[in-house]
Amino acid sequence: MTVRVGFIGSAHSVARLTAGGAQVPAVELRTYPYEDPHETSAQYAAALAENDVVCFSGTIAHYHRDRSLDTEIPVLVGRFSDYTLASSLLAATAGAIGSPAVAASPAARADPRPLSIAQLSIDMPNPEIAGTVARDTGVELQPDQVFDYRWVYQPRFTRPVDVADVVAFHVHRREQAGARLAITSIHAVFDRLSAEGLPVMYMIDSQQRDLDLLRMAQQRVSVRRLEGALLAVVTLSTQHALEPGAPGSEQRDELVGILSSFATPVQHRLASWQRGGLDMFYTTRAEFDARLGDLTGAMRRTGGAVTLGVGIGAHMYEAEDRALQALRRAIAESPMSAFMVDEDSRVQDLLDERAAASESRHTAPWLVALSSRAGMHSRSLTRFFGFLATRDFRPFTAAEWATASQTSARTAERALRKLLDADAITVIGQEQPLDAGRPRSVYALSPRTEASARRHFADQARGQSI
């Protein structure tokens, strides 16, 4: 479920965001740089026309946007934070201005003398942040050190942020109060002061903040798309942790790539619930059904040890819970398998198109009672009775059940011993193997259990709830 995100920001912001090819899964990013935050009408119009959601890197451009262009398309804004102010003060006073990571004018880099807090002038949209930083760190700014343009957080336009006024403030503080460094939150102010040869530093802002903004935008759109739809959660794992290049790792990467093309990746609280790790995606049932063939085709084509679990539900928690149920079933079956628990709690083998969906909920009183008496899971009993139903409940041996259930002879015999003790089956004779081996016991369901099982499958065939 790819989301197209438009990012409107200064050239500085766009360069920071795209540095190193930073990407957010399932986000198709388009950037719209501007030279002046007051003149973003063209960028805003283009971003609205070409994207699912629009992000502004800062408050000024968002405040000065052409509000007549607003639509139902979500718009998100990067917020000024205490991290931005605290890290900027630290960089200025700790001598980090010479670092290439800090945006500073040549004049600021050329002066190696240490700076004090009192020698700074600052502009910011949220002066309350200064109080928060002072309480947490003890570093306090005086009111006359700060140019305050808090009105950009107002829902309606009241007055513009005049870049010339902000520049004049910093120049005045330098000439009249001995400020040696201007710290600005406005790129246009940075450019003007730098062009005039004055020491100026742009506030520290991390690429991570912008990436978090993109993730928030992606989630906002994804949630809107899912409203009213039947949800699908897809989980992907391996039985063992895979090193890059190890058998199975390429298959897992291919499946993750397919899922990322139409579903939203999410971090789950059980991401490390097993050694192979857990990839989780959410989408709609319709989207999943449309791409199911791509997933199962890739699994059959490449082989490997990847397990897939899919859950369907009207709510996210339902779909997640069913997806994890399906994944556990897949892991229990074989190194490469895929199962889905649908909205009716039926289990379907996605790699076996011939297999009928089975019930994951077992409410028939006779089956619940037998499960308790035999000390066996209801799902194991349902598989056992399903095996017998395909044989029209004819007598069977432990070897035949072992082959059908893909378990060892010892495991099959242990299960049959539990059923014998619970009076669900009886020994009706022996079978002499064609070789010289020992005779094998031949089993059959007890009359009462066979009658219950036959009714059970007859009700299933009629589509009744059981």
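Summary table
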item: log10 of Debye I(q)/I(0), alpha-carbon scatterers only, for the stretch 1-132 at 0.21 Å⁻¹; result: -1.24
item: Extent along principal axes [Cα atoms of the stretch 377-441; Å; largest to smallest]; result: 37, 24, 24
item: P(r) of the stretch 139-184 over all Cα-Cα pairs, binned every 5 Å from zero, in whole percent; result: 5, 19, 26, 21, 15, 10, 5, 1
item: Helix-derived mean residue ellipticity, 222 nm - over the chain, DSSP H n ≥ 4, -39500 (n - 2.57), to 500; result: -13500 deg cm²/dmol
item: Highest average packing first - 91-99, 212-220, Cβ atoms within 10 Å; result: 212-220, 91-99
item: Protection-proxy order for peptides 149-155, 321-327, each taking the mean of Cβ atoms within 10 Å per residue, highest first; result: 321-327, 149-155
item: Of all accessible heavy-atom area on the chain, the percent that carbon and sulfur account for (1.4 Å); result: 50 percent
item: Estimated FRET transfer efficiency (A101, L292; beta-carbon r; R0 45 Å; 0.05); result: 0.45
item: Size of electric dipole in the chain: Cβ of Lys, Arg +1 and of Asp, Glu -1, about Cα centre, debye, nearest 20; result: 1720 debye
item: C-alpha long axis of helix 82-93 to longest principal axis of the chain, angle in °; result: 50 degrees
item: Cα long-axis angle, helix 378-390 against the chain (0 to 90 degrees, to the nearest 10); result: 50 degrees
item: Quotient of Cα Rg and 2.2 N^0.38 Å for the chain, N being how many residues it contains; result: 1.44
item: Mean separation of Cα contacts under 8 Å, 6 or more apart, over the residue count of the chain: relative contact order %; result: 10 percent
item: Dipole magnitude (debye, nearest 20) for the stretch 5-153, charges at Cβ of Lys, Arg, Asp, Glu; result: 380 debye
item: Cα gyration tensor, the stretch 107-212 - rounded (a/c under 1.5), prolate or oblate; result: rounded
item: Per residue, in Å², the accessible surface of the stretch 377-426 once ligands and nucleic acids are set aside, probe 1.4 Å; result: 53 Å²
item: Of all DSSP beta bridges in the chain, antiparallel share, percent nearest 5; result: 50 percent
item: Protection-proxy order for peptides 184-193, 121-130, 171-180, 449-458, each taking the mean of Cβ atoms within 10 Å per residue, highest first; result: 184-193, 121-130, 449-458, 171-180
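The values are calculated or read from the model by the stated rules, or taken from the named source; none is laboratory data. Computed from a predicted model, the values in this text were never measured in an experiment. For neighbour counting, all protein chains shown are included, and Cβ atoms are generated from backbone atoms with ideal geometry for every residue, glycine included. For accessibility, only protein heavy atoms count, side chains too; no ligands or nucleic acids. Shrake-Rupley method; radii C 1.70, N 1.55, O 1.52, S 1.80 Å.
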